[in-house]
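The structure appears below as structure tokens.
The values are calculated or read from the model by the stated rules, or taken from the named source; none is laboratory data. Because the structure is predicted, anything quoted here is derived from the model rather than measured. So basically every Cβ, Gly included, is an ideal-geometry build from the backbone, and we count neighbours across all protein chains shown.
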Amino acid sequence: MKLPLKWLKDYTDIKVSPKEYADALTMSGSKVEGYEKLGEEIDKVVVGRILTIEKHPDADRLLVTQVDVGNETIQIVTGATNIKVDDLIPVALDGSSLPGGMKIKKGKLRAVESNGMMCSIAELGVTKDDFPNAAEDGIFILEGNLTPGTDIKEVLGLNDTVIEFEITSNRPDCFSILGLARESAATFKTDFIKPEIQVKEEGDSVDGQATVQIEDSELCYRYAGRIVKDVRIEPSPGWMQERLKASGVRPVNNIVDITNYVMLEYGQPMHAFDLENLNGHKIVVRRAKNGEKMKTLDGQDRDLDASMLVIADAQRAAAVAGVMGGENSEITADTKTILFESATFNGISVRLTAKKLGMRTEASGRFEKGLDPENVLDAINRAAQLVEKLGAGVVCKGVIDCYPVKAAKKTIEFNPARINALLGSDVSAEEMKSIFARLEIEVNEAEGTVIAPTFRPDLECEADLAEEVARFYGYNRIKPTLLEGKATTIGGLTYEQKIKQLIGRTLQACGLSEIYTYSFTSPKVFDRINLPKDSELRGTVVISNPLGEDYSIMRTTTLPDMLQVLATNYNRRVEEARLFEMSYVYLPKSLPLTELPYEKPVLTLGMYGDVDFYDLSGAVEELMSKLGIKEYSLEPVHDNPSFHPGRTAKLIVNGKEAGILGEVHPSVSEKFEAAQRNYVGMIDIEPLVGNAVLKPEYKPLPKYPAVTRDIAMLVDEGVLVKEIERVITEKAGKILEEIKLFDVYKGKQVPEGKKSVAYSIAFRAADRTLTDEEAGKAMEKIVKGLSEKLGAQLR
Amino acid sequence: MKEQLNNIRLEAEKCLNEVKSSADLESLRLRFLGKKGELTAVLRGMGGLTSDERPIIGQLANDVRSFIEGKLEEGAKILQNKEQELRLKTEYIDVTIPGKRRFIGKKHPLTIVSDEIKDVFVSLGYEIAEGPEVELDYYNFEALNIPAGHPARDAQDTFYINDEILLRSQTSSVQIRVMENKKPPIKLISPGRVYRSDSVDATHSPVFHQVEGLVVDKGITMGDLVGTLQLFARRLFGEDTKIRLRPHHFQFTEPSAEVDVSCWTCGGKGCRVCKNEGWIEILGAGMVHPKVLENCGIDSKVYSGFAFGLGVERTAMGRFNIDDMRLLFENDMRFLRQF
């Protein structure tokens, strides 16, 4: 909402600087976004009258002019082609400045002195929207009876300051000059003087000239009309155009400008119909019929339905209520009789209609917040007064006012002690009452209540009154306290939250950095990761109004996102990346969605660069160790189409599958334009939480020495290290302390199809020094077992 | 014999003082103390001494032996020190060669900030509550006093799944879920991911993160809110940080406020970071609307509460001077490594 300060000052006497004004209003609850001193950059530019025009002696394209600039006549050389003697033009004098920081100085053009510059609209920082008759290229020929030497800022209406407010949706009253004047007066404790409205009503009575009928009083609370005859459509006067332009509204003609002026001043949108084009001179406020059509003022054909309210005449819709007028009853240059509309509608209905029709207008934006029916008459009378003031027509006697149910005023309990208790403040009842008085909130002391004005739909309960008190008392005068003795709770992280924190820390210690990726993605990613057509993961939570297909489904797997990040880094020539993310996948329980999906927490790991599978599995093993999870294993997976068939494992935690990790299938990596080899793991967080042991139990340190034996064997290539270890563990018995794999070798001196595996095995007894013999016996059993079960040969 | 012994002693002393290497030392040991050494040779002649002389000479011979032994030991020590000194001189390394680092991974800046926020409130006895991101309209809007058709819904362009299910646009939904299930006193923060239909640019992301706080008990005042936020701002942005509340409107709080902190760069004098305002807006806050309490079955005549919320992205961007929100979700290693 733009507020020109001059307009404001009609209704309350504000003397402070724009900066002080802006700060004070912001602190009392009307947030100022900024302010603009109009024409601030224009200096020493005046109206000039062209006295003579001669050809430049040495240049065909230049003219030498003598220009009256008030107190003197100056010579200006120009290349302009659209000027003639007696034209009034803007002249930038010697030493002047123009928007954009341009400075004008006198000088010579082809040896002829030039003491100023004639300006175009662009050079003055205004547009054809502001001055439709001005030349696009060439000098701005000024209109009207202007005196040479007048400051151009006055002519352009640029000698004002405009404050820009951000008005919150609960304060429709502040979408108006008067509403802001009331707030300003309350803030500065100045008087708020409403406009004095007197309408002469020189025309005949409205009776019999038109009728208004509200068919749906749920959607239209009040509808008032006034008739103006002998209308003369012409431009509105400069003062009105200036105020409209300062408020960001383009002047059109006197009647349209009056409706806009009243809308800005009173916050009440108005409409003007050509009465002669309303069939039966009748207004019927009704729901549209399904399938009804209408062309709105913007020339668009609109399909209406029964959820929408229209203003119709005896036969057809003439306006979409609260949104936009129709072309069929539009006022034109030939209009002689108009019907002004000032009405209030159900805000939600207007909002939904505007949304459905895809046309949010200045009017609908106001109506949807819920306007005050009690404001309707003041607004229409103000419009009538302006018609008379502008000589735009003759106002007929009387108002057609259809107001089925008078707006009820809300009574709210008022208990100063309770307000202080909520605020933690010590504001006197007197001060509260004086704040209310300035806001036109009536206090009924006997009843212990207040009555909220109808223009304040936001005031409903005591907390609302507390806010009124607080914002004028001063939010920042409330004394800070710290819940002394109240809300005493222990708080802290839950077990799951602690585990998640531990997972993050451990992976960072393992050299992985944390990433954040979006939780929605494109349905195309499934093909890119080779996901089978019948995979459950293709059943997703679909966003009905996404930002685009790329962000249209909630992810059911994090593989594509991790790969995308790896690819981004790779393509930016980052040598190596080691990453993790803790996030969710969103798994529908039923489709179409009838209940909230299962949001499964997952840990995703990803790497490329100087890394291999064991860097990835190593990070997982370190994590398991830190979480105290002993019951876990990795088992080969050969058939996951997203992964390399020979370099992928599933993670089994406590007998249940808890994730997958491996080298990404080269065809998938290729589709993401990622590095040749990428390693990604996806691990469910819930089984980690469920199986973690955060309080390890201490085992005494060994008192007796260990005996260590090394063993190297040849086994078939396909034998897993895990199987060898299982045999060793089984055969070694109780005295086994540790098995350490120290070499796996294929190649020279190892026959084809075999591999050499070497271990260091430590034995120890808790209660005595182990003899060589005991260790030897255990080794014999191990060797025998390995040979029998796995066909291992000692080397 | 006496003389012989004294000569050996003198000779040994002389030789030992000139020793250059451990080989010299060994040959001297053999020359004087070896089985065929000079001292041994002298002692062999002891048989010819009288019983009176024998103890005297014996004593002298022992003295000479232990003198030589002592000298040998001394020499060995000196030699050892010399050799060590020499070795240390050759064992020169360039200590400015980069060390063997085990590169640790980095916390994402969003986690850094939200962890700091969590730490502040956990230390004050708050619990951390979480809730679903795909949420019912009821919890995201309806129960928060934002009924269907209300214009406040427009301010938060929301992603919908269907008429009843949406992507939460605020973590306030978690507050409702907690209040429905728990009697006051309630003291929680709810950090989490939220969604709004904003196109991606330098200051917007359709996915972002919030931390909201809620306190409900008997007698909670707006002063408590101010005090809590002041403490929070000081802990997060530094001891000298000031806060400022400006009246604002939120459907689920009344009175409501926007909260500014004094600029962390200039301390309030005005600079580029705070656009010469001296203040930076970081929080929305207010007293829980009585209707919201009632919606959760909490008697608003008996209990009151305050709530606040802040955006993690904006806070992180301010803290680390990050000028483009997209960096937070691109995950370029060269960006991540900086934290």
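Among the residues of region A:756-769, is any hydrophobic (A, V, I, L, M, F, W, C) and touching a residue at least 60 places away in the same chain (Cβ under 8 Å)? Can you show your working first?
Taking region A:756-769 as the starting set, the residues that turn out to be hydrophobic (A, V, I, L, M, F, W, C) are A:757-758, A:761-763, A:765-766.
Checking which are touching a residue at least 60 places away in the same chain (Cβ under 8 Å) leaves us with A:765-766.
Looking for residues that are hydrophobic (A, V, I, L, M, F, W, C) and touching a residue at least 60 places away in the same chain (Cβ under 8 Å), one finds at least one in region A:756-769, hence yes.
When B:Ser123, B:Ser169 are screened for being among the polar types (S, T, N, Q), crowded, with 19+ Cβ neighbours inside 10 Å, more than 8 Å from chain A (Cβ to nearest Cβ) and under 26 Å from A:Glu514 (Cβ atoms), only B:Ser169 passes. Considering region B:133-156, the residues that are facing chain A (nearest Cβ under 9 Å) and over 15 Å from A:Ser169 (Cα atoms) include one that is surrounded by the fewest Cβ atoms within 10 Å (Cβ to Cβ), namely B:Leu136. Can you find a residue that is in contact (Cβ under 8 Å) with a residue 24 or more places away in the chain, under 25 Å from A:Lys369 (Cα atoms) and either within 12 Å of another protein chain (Cβ to nearest Cβ) or among the basic types (Lys, Arg) (or both) anywhere in region B:182-195? Among the residues of region B:182-195, at least one is in contact (Cβ under 8 Å) with a residue 24 or more places away in the chain, under 25 Å from A:Lys369 (Cα atoms) and either within 12 Å of another protein chain (Cβ to nearest Cβ) or among the basic types (Lys, Arg) (or both), which makes the answer yes.
Looking for whichever is closer than 30 Å to A:Glu581 by Cα and either in contact with an Asp or Glu (Cβ under 9 Å, 6 or more places away or on another chain) or not polar (S, T, N, Q) (or both) here; the options are B:Phe32, B:Phe67, B:Phe103. Which one fits? Even if it seems obvious, please write down each step before you answer.
Values: B:Phe32 fails: closer than 30 Å to A:Glu581 by Cα; B:Phe67 fails: closer than 30 Å to A:Glu581 by Cα.
None of the others qualify; the one that does is B:Phe103.
Each residue in region A:464-493 was checked for being surrounded by fewer than 16 Cβ atoms within 10 Å (Cβ to Cβ) and more than 7 Å from chain B (Cβ to nearest Cβ), and 4 pass. Scanning region B:180-220 for residues being out of contact with any Phe, Trp or Tyr (no Cβ under 8 Å at 6 or more places or on another chain) and assigned to a loop (DSSP other than H, G, I, E, B) gives a total of 9. Can you confirm whether B:Arg177 is under 21 Å from A:Ile490 (Cβ atoms) and either at pLDDT below 95 or touching a Phe, Trp or Tyr at 6+ places or on another chain (Cβ under 8 Å) (or both)? Taking the combined requirement at face value, the residue satisfies it.
Okay, residues lined up against (1) closer than 19 Å to A:Thr557 by Cβ; (2) over 30 Å from the mean Cα position of the chain (by Cα):
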| residue | (1), (2) |
| --- | --- |
| A:Leu587 | yes, no |
| A:Gly609 | no, yes |
| A:Asp612 | no, yes |
| A:Ser617 | no, yes |
| A:Glu621 | no, yes |
| A:Ile629 | no, yes |
| A:Val637 | yes, yes |
| A:Pro641 | yes, yes |
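Can you work out which of the residues in region B:110-120 that are at the interface with another protein chain (Cβ under 9 Å from one of its Cβ atoms) and farther than 22 Å from B:Pro184 by Cβ is surrounded by the fewest Cβ atoms within 10 Å (Cβ to Cβ)? By that ranking, first place goes to B:Asp115.
Screening B:Ala202 with (1) more than 30 Å from B:Phe339 (Cα to Cα); (2) small (Gly, Ala, Ser); (3) more than 9 Å from chain A (Cβ to nearest Cβ) gives one miss only, at (1). What are the residues in region A:122-156 that are at pLDDT below 90, in contact with a strand residue (DSSP E or B) (Cβ under 9 Å, 6 or more places away or on another chain), closer than 20 Å to A:Glu40 by Cα and part of a loop (DSSP other than H, G, I, E, B), if any? Residues satisfying the conditions are A:Gly125, A:Leu156. Given the condition surrounded by 22 or more Cβ atoms within 10 Å (Cβ to Cβ), of a type in the set (Gly, Ala, Ser) and assigned by TED's automatic domain parsing to the domain that holds B:Ala307, answer yes or no: does some residue in region B:217-232 qualify? No, there is no match, as no residue in region B:217-232 is surrounded by 22 or more Cβ atoms within 10 Å (Cβ to Cβ), of a type in the set (Gly, Ala, Ser) and assigned by TED's automatic domain parsing to the domain that holds B:Ala307.
Of everything in region B:53-107 that's outside any loop (DSSP other than H, G, I, E, B) and small (Gly, Ala, Ser), which residue is nearest to the other protein chains (Cβ to nearest Cβ)? Walk me through how you get there before you give the answer.
Quick first cut of region B:53-107, residues outside any loop (DSSP other than H, G, I, E, B) only: B:53-90.
Imposing the further condition that a residue be small (Gly, Ala, Ser) reduces the set to B:58, B:61, B:66, B:70, B:75-76.
Working: B:Gly58: 49, B:Ala61: 48, B:Ser66: 42, B:Gly70: 41, B:Gly75: 40, B:Ala76: 35 Å.
This residue is B:Ala76.
Being at the interface with chain B (Cβ under 10 Å from one of its Cβ atoms) and among the polar types (S, T, N, Q) is the filter; apply it to region A:549-564 and report the residue that is surrounded by the fewest Cβ atoms within 10 Å (Cβ to Cβ). By that ranking, first place goes to A:Ser552. Of the residues making up region A:526-548, those that are within 14 Å of chain B (Cβ to nearest Cβ) and either farther than 19 Å from B:Asp157 by Cα or in a loop (DSSP other than H, G, I, E, B) (or both) are A:Gly539, A:Thr540, A:Val541, A:Ile543, A:Ser544, A:Asn545, A:Pro546, A:Leu547, A:Gly548. Scanning region A:364-371 turns up no residue that is in the same structural domain as A:Lys229 (by TED's automatic domain parsing), touching a helix residue (DSSP H, G or I) at 6+ places or on another chain (Cβ under 9 Å), within 16 Å of A:Ala272 (Cα to Cα) and not hydroxyl-bearing (Ser, Thr, Tyr).
Could you tell me whether region A:50-70 includes any residue that is part of a strand (DSSP E or B), modelled with pLDDT under 90, over 30 Å from B:Glu258 (Cα atoms) and among the hydrophobic types (A, V, I, L, M, F, W, C)? No, the conditions are met nowhere in region A:50-70.
For region A:160-176, check the following and say yes or no: at least one residue is within 30 Å of A:Gly70 (Cα to Cα), touching a strand residue (DSSP E or B) at 6+ places or on another chain (Cβ under 6 Å), at pLDDT below 95 and not in a strand (DSSP E or B). Yes, because at least one residue in region A:160-176 is within 30 Å of A:Gly70 (Cα to Cα), touching a strand residue (DSSP E or B) at 6+ places or on another chain (Cβ under 6 Å), at pLDDT below 95 and not in a strand (DSSP E or B). Scanning region A:497-518 for residues that are surrounded by fewer than 22 Cβ atoms within 10 Å (Cβ to Cβ) and hydroxyl-bearing (Ser, Thr, Tyr) yields a count of 3.
Residue check, B:Glu130 against (1) at pLDDT below 95; (2) within 11 Å of another protein chain (Cβ to nearest Cβ); (3) surrounded by 14 or more Cβ atoms within 10 Å (Cβ to Cβ), all met but one. Which one? Status for B:Glu130: all satisfied but (1). Within region B:192-203, identify whether any single residue is closer than 25 Å to A:Leu422 by Cβ and buried (at least 23 other Cβ atoms within 10 Å of the Cβ), and answer yes or no. No, there is no match, as no residue in region B:192-203 is closer than 25 Å to A:Leu422 by Cβ and buried (at least 23 other Cβ atoms within 10 Å of the Cβ). On the basis of being more than 14 Å from every other protein chain (Cβ to nearest Cβ), on the phi < 0 side of the Ramachandran plot and without any contact (Cβ under 8 Å) to a residue 60 or more places away in the chain, does A:Lys37 make the cut? In short, no. Where strands (runs of 3 or more DSSP E) fall wholly inside region A:253-363, the ranges with 1 or more residues that are among the small types (Gly, Ala, Ser) and more than 14 Å from chain B (Cβ to nearest Cβ) are A:270-274, A:309-312, A:317-320, A:338-345.
Annotation: of all residues in region A:26-46 being closer than 14 Å to A:Val162 by Cβ and touching a helix residue (DSSP H, G or I) at 6+ places or on another chain (Cβ under 6 Å), the one that is modelled with the highest pLDDT is A:Val32.
Yes/no per residue for (1) surrounded by fewer than 22 Cβ atoms within 10 Å (Cβ to Cβ); (2) within 14 Å of another protein chain (Cβ to nearest Cβ):
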residue	(1), (2)
A:Leu593	yes, yes
A:Val602	yes, yes
A:Phe613	yes, no
A:Glu635	yes, no
A:Lys656	yes, no
A:Gly659	no, no
A:Glu673	yes, no
A:Pro687	yes, no
A:Gly690	yes, no
